[in-house]
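A short reminder: the numbers here are calculations on the coordinates, not readings from a lab. Source: prediction; values computed, not measured. Please note: Cβ atoms are built from the backbone with ideal geometry, for glycine as well, and neighbour counts cover all protein chains shown.
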Amino acid sequence: MQQLTVRVMSIFVAGVLTGSALLSQADVRRPLQEVECGVSSTSQVRTTLYFGLARPKGTVSELEWQLFLRDDVTPRFPQGLTVWEAQGQWLSQGAIGHERTKVLLLVHSDTPSAQEAVQAVIARYRKAFEQESVLWETARVCAVS
């Protein structure tokens with residue numbers, strides 16, 4: 001039931017957020033629209049991942065999340081990242097469901113290796129914490145070093 005509500009929430013959020021892609025079994029990423037950055041900035045990709053913390057037998061603990069971040073995310077994105085907590089809400093079968101969520105924001109180059117790293121993070125989280133999906137939002141941005 002929790003997996004179903006997580007999936008329903010993800011689909012709802014994906015419909016609300018522009019430029020979103022829901023990754024479950026296949027990569028559904030479309031080419032990003034080019035943006036023109038000024039002389040002092042470079043074109044980068046902003047990837048935002050939404051990780052639901054509910055799972056069939058309880059929730060993902062803060063320790064488990066920190067270990068996942070340390071062991072699976074940071075080695076793939078050592079340049080830096082931002083994480084914050086959020087509360088997901090969605091309508092399922094006439095009832096409003098809620099779930100604690102971790103949001104991970106990455107800014108990185110638009111390369112096949114970066115996209116593979118994002119997919120590896122998603123696949124690892126889904127397997128380790130029994131998740132059907134992770135919401136993946138991507139946009140092109142300009143970044144100043």
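Quick notes on this one:
- If you plug the beta carbon distance of Leu67 and Cys142 into 1/(1 + (r/R0)^6) with R0 = 35 Å, you get a FRET efficiency near 0.55.
- Counting Lys and Arg as +1 and Asp and Glu as -1 over every other residue whose Cβ lies under 10 Å from the Cβ of Gln44, the net charge comes to +1.
- When each of the peptides 91-99, 59-67 is scored by how many other beta carbons lie within 10 Å of its residues on average, the order from highest to lowest is 59-67, 91-99.
- Packing-based order for 106-113, 47-54, 123-130, using average beta carbon neighbours within 10 Å, highest first: 47-54, 123-130, 106-113
- The residues packed around His108, meaning those with a beta-carbon under 12 Å from its beta-carbon, carry a net charge of +1 if Lys and Arg are +1 and Asp and Glu are -1.
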